Every structure is written in C-alpha cells, then in structure tokens.
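The structure under discussion appears below in the form of structure tokens.
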Amino acid sequence: MELFKKVLIANRGEIAVRVIHACKELGIKTVAVYSDVEKEALHVRLADEAVCIGPANSAQSYLNIPGILSAAEITDSEAVHPGYGFLSENPHFAEACATSGITFIGPTPENIRVGGDKAKARQMMKRRGITVVPGSDGPVISEELAMKVAKRIGFPVIVKASAGGGGRGMRIVNEESGLEQAFYMAQREALAAFGNGELYVEQYIPEIRHIEVQIAADSKGNTVHFGERDCSIQRRHQKLIEEAPSPVSTEKFRKKIGELAVRAAKAIKYRNIGTVEFIVDMEGNIYFMEMNTRIQVEHPVTEMVSGIDLVKEQIKLAAGSLIEYKQHQIKFYGHAIECRINAEDPERFIPNPGKITFLSLPGGPGVRVDTSVYSGWTVPSYYDSLIAKVIVHGRNREEAISRMKRALDEFIIEGIKTTIPFHKKVFSQSDFVNGEFNTGFVDKINGSGQSGSTRNEDKQ
Ligand code: MV4
C-alpha cells in the first residue's frame, strides 16, 4: 500500500507531536502549522516544514479552514491529520479537504455528522437493537413532548443537547415541576454554545462508569475493536485519569462491550478509527451513549495494552489499507493508566499558563510521557491547558499504580502550577486503588466546589 509522501498536521501541542512520531515511523514527511505565539513550539521544531497560519486566537489560526488548506496546497501535502479538538469533528472541514483533493485522516463527513448529532446517533443505534438508556425516540421538539416522555420513563430524567459535548446544554431534572425551566435553559445554552437548540430526553442514571471502546474500520467495512477504556475519573466532563482495561472488566465483559461497539460502528458504516462511548450502571448494564469520531486524548492506554500504534493505523486506513488481522488476533497484555497533567491550579482547576523554568520528565520501565513542553517554553494562555500525559504500563493494575506514583514523584516542573498534586492525591485513595469508583469520585474527594473551568479540551 502506497502511503502519503507528506502529511500536514492541523493541530498543536502534544497531539501534533504524537502525529509526527507516527509519520516519521511510516517514512512520511510532515508539515506543522502554527500561530504567531507558537513559532518556537516543539511540533514546529520536529516537523520537516512549518507554516504560520495566523494570530494566537485559534479562530484565526488552528480553526481557519482556508488558511490550513492553503498551507496544505503550498507544501504539496497529500493528507491532513486533524488531531483532536479544533477541526477534527467539523464535517465541513472534512468535506473541504476532499474538494481540494487532500485526504482527511479520519472518518467520512457523514460519519462526523452522525457522531455530532447525539439524538440521531441514539435513534440509529436503538433501531439496530443496541441498548440505549430509556428515553425519547430522537429529538423532543417541545417542552410538552419532553414532559410526555419524562412521565413515561419516570423521573429523574436528563435533558441533553443533540449537538452536545463537554456537558454543555445538559440538565438533570428530578421532578415534574423542574422540567419546564430545565428544558428552556438547556435549549438556550445549546443554542448559544452550538448554534443548535435541539434536545432529547433520557432517564437519568445517577451512579455510572464511563467506559468507551476503541474501534477501527477499513474502506470495506471490516471492523475490529481494541478493548475498552475506563474514563470515570473526571471533573465537570473533563477526563482526568483513564485506564485500560476497566477495573470492572472481565474477558466476558470485554467481549460483550467490544461486540456492541463493533455493531454500533457497522450500524453507521463507520470508517477509520473511532470510539463508542457507553455508560455502565452499578448492575453492569451497558448503554450506548455517543460516538466520538476522532483520535482521543486517552488513546495511549489502548496502545499500551494492545501494542498497536493507533495513529499509524489511522494514517494507513486513510490511505486505503485494509485491516488484515482478525479480532481474535488482537491480544491484550497488562494494565495501563494515563494521568492528564494540566497547567492548572490543582485545587480549583483554574488555568495557570506561563513560563516553564525547569522541567525533568519521568522515564524508566513502563513509563511513557506524551508532551510538547520543554524547559524554557511558555505555555500560552490561548489554548487548552493539557501540557503532558503520563502513561504507565504494568503487568497488572497494582504494578501500573506503583509506576504512576513513582512517575508523578519524578515529574519535576517549575514556573507553573500543574494538576500533579491532584493526581498524587487520587493515587493515595483506597477507593481508587481498589477500583471502586464512578463518575462521582472527584467531587467526593475534592468537594463539589462551584468554581473553576468547565472547558473540555477534546471539544475546543
Ligand atoms: C448521562 C448520565 C446519566 N444518565 N446520561 C455526561 C457527558 C455526556 N457525554 C453524558 N454524560 C452523562 N450522561 C444518562 N442518561 C450521566 C452523565 C454524566 C454526568 C452527568 C451529570 C453530572 C456529571 C456527570 C459526569 C459524568 C457523566
């Protein structure tokens, strides 16, 4: 299979560096793009070429479709890798690439549209017999209809935006009297955030684990999964720690959720790599939640337990390669955990950009750090605050935990505040060590204070 000669990376930060690693191993030349404040960024230094695409403000640089396409054209790039966030889930961008004769390294524009329309995705899965949480059949077009659905399924319910993401346009409603206000508030928030006020309704399940499955599909529809990730440790819809396998997983559970994910991907004729998100309740019931049509921040934990380089797979699939292995040939070994290190105050999670005066990264057996920062780099205030991902791998969860504790201790960073102290606190909690947690864990150990950022770096 002839791969691309040159790929443009339409992103920044650690994911841009991660994509460069994959391109280099595949013998593909790389083009970085950067904004005015990132001339000295690591992704710019590591790429073969670099093009400035505009001012610091991402609306005029990393989100600037004509600017990025021009950069691809002047550098003769055959393909564009969108990373996560920014333009990665913009169907217009995927379409514009195709129109310009440039391969978008990702799913089809139609896949992206379905993934971005949660009510539609939910309806499509339900019709294919994939269990979804009881709720509306597609969108609810009025408050009266929402009430009818809520009375049928019973309170509490959760009203969600079809275009939702990062927890915006979502309201939990405990009783009939609260529905009207919740409906209009969710609608207004969704309209402001996404330009689309469409809503749907589901039964609210209070204690859940967020478990997702990595999948890959080739141009002929051969579809496989790479197991699950548990992303239950999150705060305000911002994932903080992810692991593979899930502490609640067994071989039987993985087979079940994996097969569900493959069915979900096939139901929407999905192409390239993607993630099927599920919620799992305390009884172990699995419900389809949504489809993520990009490479995700937490992909490394899957790479560590499967031995597969997902970014290389993504590039090869976009070039037309077929998946030549069978599901049973994908083997899993050991346990991997990722801590997202953000340039934020570790108590209140308020962004804390600035100059890194000293940096020494952890290493040694079973430790991987995906980052784009270095001693002397100034973390800009314009973008999300993720500065590094510490990923550990061990023969089992216990070994992975001791490696993470060591790696967090050895991570020396001066000049800016980071969330490392928060992670150290989590790894000292017996409920975490015992794998006994759900999405309420962070509020339980930190108190559910009302301050701090609610941004989600996956959905910039
Ligand atoms: C839910 C849920 C409970 N029941 N849906 C959060 C983000 C989005 N991807 C889906 N989310 C949830 N959907 C049903 N039917 C719980 C969450 C959820 C959550 C909800 C409110 C406050 C914090 C939360 C943290 C994680 C997940």
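Find the centroid of the Cα atoms in the range 109-171 and in the range 32-105, then give the distance between the two in whole Å.
Answer, in whole Å: 33.
Using amide H atoms built 1.01 Å from N in the peptide plane, name the residues 5+ places from S232, or on other chains, whose amide H lies under 5 Å from its own.
Amide H to amide H, under 5 Å and 5 or more residues apart or across chains, S232 pairs with H210.
Inverting the mean 1/r over all pairs of different Cα atoms, compute the Kirkwood radius of the range 156-232 and quote it in Å.
One decimal place: 14.4 Å for the Kirkwood radius.
Enter the accessible area per residue of the range 208-446 (Å², integer; probe 1.4 Å; all protein chains in place).
Per residue, the range 208-446 has 37 Å² of solvent-accessible surface.
Length gain on complete extension for the stretch S142 to Y325, per 0.36 nm per residue less the alpha carbon to alpha carbon distance?
61.1 nm
So, with +1 on the Cβ of K and R and -1 on the Cβ of D and E, and no other charges, what is the size of the charge dipole of the range 208-446 about its Cα centre, to the nearest 20 debye?
440 debye
Normalising by the residue count of the chain, find the relative contact order in percent from Cα pairs under 8 Å and 6+ residues apart.
Reported relative contact order: 15 percent.
Roughly what % antiparallel, to the nearest 5, for the DSSP beta bridges in the chain?
Taking every DSSP beta bridge with both residues in the chain, the antiparallel ones total about 80 percent.
Can you give me the P(r) profile for the range 325-365? Cα pairs, bins 10 angstrom wide beginning at 0, each as a whole percent.
Bins of 10 Å from zero give 17, 31, 24, 17, 12 percent of pairs.
Spelling out what I want: for every residue of the range 420-427, take phi, set θ = phi - 60°, compute 6.51 cos²θ - 1.76 cosθ + 1.60 (Karplus), and round to whole Hz; glycine and proline get x.
4, x, 4, 4, 4, 5, 4, 6
Rank by packing, highest mean first: peptides 117-130, 226-239, with packing defined as the count of other Cβ atoms within 10 Å averaged across residues.
Those peptides, ordered most packed to least, come out 226-239, 117-130.
Charges only on Cβ, +1 for Lys and Arg, -1 for Asp and Glu: so what's the dipole of the range 289-363 about the Cα centre, in debye to the nearest 20?
Around 200 debye, computed over the range 289-363.
Could you tell me the largest-minus-smallest coordinate of the C-alpha atoms of the range 322-458 on each of the three principal axes, in descending order and whole angstroms?
47, 34, 32
With each run of n ≥ 4 DSSP H residues scored as -39500 (n - 2.57), what mean residue ellipticity at 222 nm is computed for the chain after dividing by its residue count and rounding to the nearest 500 deg cm²/dmol?
-9500 deg cm²/dmol
As I understand it, the dipole of the range 134-203 uses +1 on the Cβ of Lys and Arg and -1 on the Cβ of Asp and Glu, about the Cα centre. Which of S177, G167, Q203 lies farthest toward its positive end?
Value: G167.
Compare the peptides 101-111, 425-435 by average per-residue count of other Cβ atoms within 10 angstrom and give them in order, highest first.
Averaged packing, sorted descending, gives the order 101-111, 425-435.
Counting only protein heavy atoms and a 1.4 Å probe, tell me what percentage of the chain's accessible area is made up of carbon and sulfur.
Carbon and sulfur: 49 percent of the exposed surface of the chain.
Using each residue's phi in the range 401-415, evaluate 6.51 cos²θ - 1.76 cosθ + 1.60 at θ = phi - 60° and report the 3J(HN,Hα) Karplus result to the nearest Hz, with x for Gly and Pro.
Using θ = phi - 60°, the values come out as 5, 5, 5, 5, 4, 5, 4, 5, 5, 7, 7, 10, 9, 10, x Hz.
Nearest 20 debye, what's the magnitude of the dipole of the chain about its Cα centre given +1 on Lys and Arg Cβ and -1 on Asp and Glu Cβ?
680 debye
Over the range 49-118, what lengths in whole Å, largest first, do the semi-axes of the equivalent ellipsoid take, defined as the square roots of 5 times the eigenvalues of the alpha-carbon gyration tensor?
Values for the range 49-118, descending: 20, 15, 9 Å.
Tell me the Kirkwood radius of the chain: reciprocal of the mean inverse pair distance over distinct alpha-carbon atoms, in Å.
22.6 Å is the Kirkwood radius here.
Over the range 6-105, what is the relative contact order in percent, taking alpha-carbon pairs closer than 8 angstrom and at least six residues apart?
29 percent
Step through the residues of the range 322-328 one at a time and calculate ³J(HN,Hα) from phi using the Karplus curve (6.51 cos²θ - 1.76 cosθ + 1.60, θ = phi - 60°), rounding each to whole Hz and writing x for Gly and Pro.
Each residue of the range 322-328 in turn: 9, 6, 9, 9, 9, 3, 5 Hz.
Cross-link partners among lysines for K151, C-alpha distance below 27 Å, same-chain residues fewer than 8 apart left out?
Within the straight-line cut-off, K151 pairs with K118, K120, K126, K160.
Using a Förster distance of 30 Å, how high is the FRET efficiency between K39 and T99, based on the Cβ-Cβ distance and rounded to 0.05?
E(calc), rounded to 0.05, equals 0.50.
P(r) for the range 308-349: what percent of alpha-carbon pairs falls in each 10 Å bin, starting at zero?
Values per bin, smallest distances first: 19, 31, 24, 18, 9.
Could I have the simple spin-label model distance between A59 and K220, label points 7 Å from Cα toward Cβ, reported in nm to one decimal?
That separation, rounded to one decimal, is 4.7 nm.
Just reorder K5, K312, K405 by solvent-accessible area, largest first, 1.4 Å probe, all chains present.
So, going from the largest accessible area down, we get K5, K405, K312.
Applying a 10 Å radius around every beta-carbon, put 55-68, 20-33 in order of their mean neighbour count, most first.
20-33, 55-68
Please name which of V433, N64, V390 has its Cα lying farthest along the dipole of the chain towards the positive end, using unit charges on Cβ (Lys, Arg +1; Asp, Glu -1) and the Cα centre as origin.
V433
Roughly how many Å² is the accessible area per residue of the range 134-203, as a whole number, for a 1.4 Å probe?
Value for the range 134-203: 48 Å² per residue.
The values are calculated or read from the model by the stated rules, or taken from the named source; none is laboratory data. Keep in mind it's a predicted model, so treat the numbers as computed, not measured. Glycine also receives a Cβ, built like all others from the backbone with ideal geometry; neighbour counts cover every protein chain displayed. Side chains included, ligands, DNA and RNA excluded: accessible areas come from the protein's heavy atoms. Shrake-Rupley method; radii C 1.70, N 1.55, O 1.52, S 1.80 Å.
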